[in-house]
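Structure first, commentary second.
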Amino acid sequence: MPVKDDSLFEKYPFCKNPYAVTVCRIEPENNVHLILEAFAKMPEKNLVFVGNWERSDYGKCLKEKYSGFSNIHLLDPVYEPHTVNWLRSNAELYVHGHSAGGTNPSLVEAMNLGLPILAFDCVYNRATTEDKALYWKTSDDIVRIIIEESSSFEEVSRAMKEVGKRLYSWKTIAELYNSLY
């Protein structure tokens, strides 16, 4: 459910302008470096990236390298659900870089908000989104999709919301668990 809270613009004034958002652990398998590299190539496009930058040398190095870009906003972890949902709710796009694992909660949460999804092209993300998101493998793919395929974002947004509600709602999950008993 989208979150409305104008008071958070005081803490995050850069969210008054259109932006893409990413929320994840800062690990190489989440392709953080590729997402940051893409937005470094598009200074007119804003990115709000929430993660645990100080937990690894990988994160520290990326934070040092990209914190000087005026369009890239690197936020430390946000654990308060209201705030992280607000950050997602106000975004115009969700960029998902996970390349390992299964159904990822941050992807499902973004889908249920009806955000258009740019997801790393791997079997897990394709299965979670039923092949209805936009997929990338390189930073240049991200740039190309944002620049050349933005007209499809509304359609992707509707598809993500439909898949999210159909497959990943509490009601559906509860019914599936109930059927096991």
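The values are calculated or read from the model by the stated rules, or taken from the named source; none is laboratory data. Not measured: the values here are computed from a predicted model. For neighbour counting, all protein chains shown are included, and Cβ atoms are generated from backbone atoms with ideal geometry for every residue, glycine included. Just the protein is used for accessible areas: all its heavy atoms, side chains included, with ligands, DNA and RNA removed. Shrake-Rupley method; radii C 1.70, N 1.55, O 1.52, S 1.80 Å.
With a 1.4 Å probe and all protein chains left in place, how much of the accessible area of segment 124-181 comes from carbon and sulfur atoms, in whole percent?
Of all accessible area on segment 124-181, carbon and sulfur atoms account for 55 percent.
Given only helices, namely DSSP H runs of n ≥ 4 each adding -39500 (n - 2.57), what is the per-residue ellipticity at 222 nm of the chain, to the nearest 500 deg cm²/dmol?
Working: 9 runs with 82 residues, N = 181.
Calculated at 222 nm, the ellipticity per residue is -13000 deg cm²/dmol.
Could you rank Ile173, Ile26 by how accessible they are, 1.4 Å probe, largest area first?
Details: Ile173 55, Ile26 0 Å².
If we order Ile173, Ile26 from most to least accessible, we get Ile173, Ile26.
To the nearest Å, what is the center-to-center distance of segment 36-67 and segment 105-175, using C-alpha atoms only?
Here the two parts' Cα centres lie 22 Å apart.
Only bridges whose two residues both fall in segment 24-167 count here: according to DSSP, what percent of them are antiparallel, nearest 5? Present the calculation step by step, with values, prior to reporting the outcome.
On the way: 0 of 10 bridges.
Antiparallel bridges: around 0 percent, rounded to the nearest 5.
By the scheme Lys and Arg +1, Asp and Glu -1, what is the net charge of all other residues having a beta-carbon under 13 Å from that of Tyr124?
Values: positive: Arg126; negative: Glu29, Asp121, Glu130, Asp131.
Net charge in that neighbourhood comes out at -3.
Loop-only check: which GluC sites (Glu not before Pro) in segment 40-129 are DSSP coil with at most 11 other Cβ within 10 angstrom? Can you show the working numbers first?
Working: sites: Glu44, Glu54, Glu64, Glu92, Glu109; in loops: Glu44, Glu92.
Those satisfying the criteria are Glu44.
Given H placed on each backbone N at 1.01 Å, which residues far from His96 in sequence or on other chains put an amide H within less than 5 Å of it?
The answer is Leu118, Ala119, Phe120.
Please report, to one decimal in angstroms, the Kirkwood hydrodynamic radius of segment 1-90 built from all distinct Cα-Cα pairs.
Values: mean 1/r = 0.0744 Å⁻¹.
Hydrodynamic radius (Kirkwood, Cα pairs) of segment 1-90 is 13.4 Å.
Where does the Debye-calculated log10 I(q)/I(0) of the chain sit at q = 0.10, 0.12, 0.14, 0.18 Å⁻¹, using only Cα point scatterers of equal weight, no solvent?
Relative scattering, expressed as log10 I(q)/I(0), comes to -0.37, -0.54, -0.74, -1.23.
Could you give the accessible area per residue of segment 1-76, probe 1.4 Å, as a whole number in Å²?
Details: 4030 Å² over 76 residues.
I get 53 Å² per residue for segment 1-76.
Charges at C-beta only: +1 for Lys and Arg, -1 for Asp and Glu. How large is the resulting dipole of the chain about its Cα centre, in Debye rounded to 20? If you can, show how the numbers build up before the last one.
On the way: 20 positive and 25 negative charges, 41 e Å.
Computed about the Cα centre, the dipole is about 200 debye.
Kindly sort Thr138, Thr83 by accessible area of their heavy atoms, largest first, with the probe set to 1.4 Å. If you can, show how the numbers build up before the last one.
Numbers: Thr138 60, Thr83 20 Å².
From most exposed to least exposed: Thr138, Thr83.
Where a Cα-Cα gap under 18 Å defines reach, which lysines qualify for Lys41, not counting those fewer than 8 residues away within the same chain?
Hits, sequence-local ones excluded: Lys63, Lys65, Lys137.
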